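Q: One structure, as structure tokens, below. Some questions next.
The values are calculated or read from the model by the stated rules, or taken from the named source; none is laboratory data. Being a predicted model, the structure only gives us computed values, none of them experimental. As a convention, Cβ positions derive from the backbone with ideal geometry for all residues, glycine included, and neighbour counts pool all protein chains shown.
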Amino acid sequence: MARLKSADPALARVIRRVGPFALSPRPGDTFESLLPAVVSQQLHAKAAAAIHARIVAVLGGEVTPARFQRASNAMLRCAGLSAAKREALRDLAGKCADGTVAPRRELETLGDAEIVARLTQVRGVGVWTAQMFLIFRLGRPDVLPSGDFAIRKAFGLLYRKNGRLPPPSAVERHGRAWAPYRSVASWYLWRSLDVPAAD
């Protein structure tokens, strides 16, 4: 934290306001880890969580590629999964089952860029989804999802006098100062939207 605070006084104020960093990698293999990331694309967190819970119930509590492949489209649709997301998750399940997408233990041995390159071969898995996997599932310390709307919003409020939404390139440029802890900086930017500044 000391490095981030000394590199960026504005971020240092956010760190003091938000408090201790509290993010640890979540367990789960590749398919189980990516399923909620795909489900949550372009959805409010509460809606995504509800759909994810219904999918887990449809799969009998066992979130595996084989279980997902056996689930009918009707069951998945009733759980709230759109046609596009069903197809994306079927593609992911197939690629996990045939080894195109490696198991988590193998992905953990690869660099961030290689993991993003592999995961984005899956339909419906873009750079943002791969970055969420890196941060929240693998606990990688130096990932900056500069295209994330909430990151851009927090950045605009913190660094721009007019609070306007910056382009991802501006976040990326500024974020170089946060390396090698850009995931930590990202977490603080996200949290800054939930913890109001003191008047």
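Q: Looking at (1) free of Cβ contacts under 8 Å to residues at least 60 places away in the same chain; (2) in contact with a helix residue (DSSP H, G or I) (Cβ under 8 Å, 6 or more places away or on another chain); (3) surrounded by 15 or more Cβ atoms within 10 Å (Cβ to Cβ), can you tell me which one SER82 breaks?
A: (2)
Q: Testing ILE115 on (1) in contact with a Lys or Arg (Cβ under 9 Å, 6 or more places away or on another chain); (2) part of a helix (DSSP H, G or I); (3) among the β-branched types (Val, Ile, Thr); (4) within 14 Å of LEU35 (Cα to Cα), one condition comes back false. Which one is that?
A: Of everything listed in (1) in contact with a Lys or Arg (Cβ under 9 Å, 6 or more places away or on another chain); (2) part of a helix (DSSP H, G or I); (3) among the β-branched types (Val, Ile, Thr); (4) within 14 Å of LEU35 (Cα to Cα), ILE115 misses just condition (4).
Q: Next question, about the same structure. Which numbered condition in (1) crowded, with 18+ Cβ neighbours inside 10 Å; (2) modelled with pLDDT of 95 or more is the only one that ALA179 fails?
A: Unmet condition: (1).
Q: In this structure, is ALA185 in a helix (DSSP H, G or I), over 13 Å from THR30 (Cβ atoms), modelled with pLDDT of 95 or more and not basic (Lys, Arg)?
A: So ALA185 fits the description; yes.
Q: Can I ask one more? For region 37-63, which residues satisfy the criterion of being part of a loop (DSSP other than H, G, I, E, B) and farther than 13 Å from SER82 by Cα?
A: Within region 37-63, HIS44, LEU59, GLY60, GLY61, GLU62, VAL63 qualify.
Q: What residue, among those in region 123-156 that are part of a loop (DSSP other than H, G, I, E, B) and in contact (Cβ under 8 Å) with a residue 60 or more places away in the chain, is surrounded by the most Cβ atoms within 10 Å (Cβ to Cβ)?
A: VAL125
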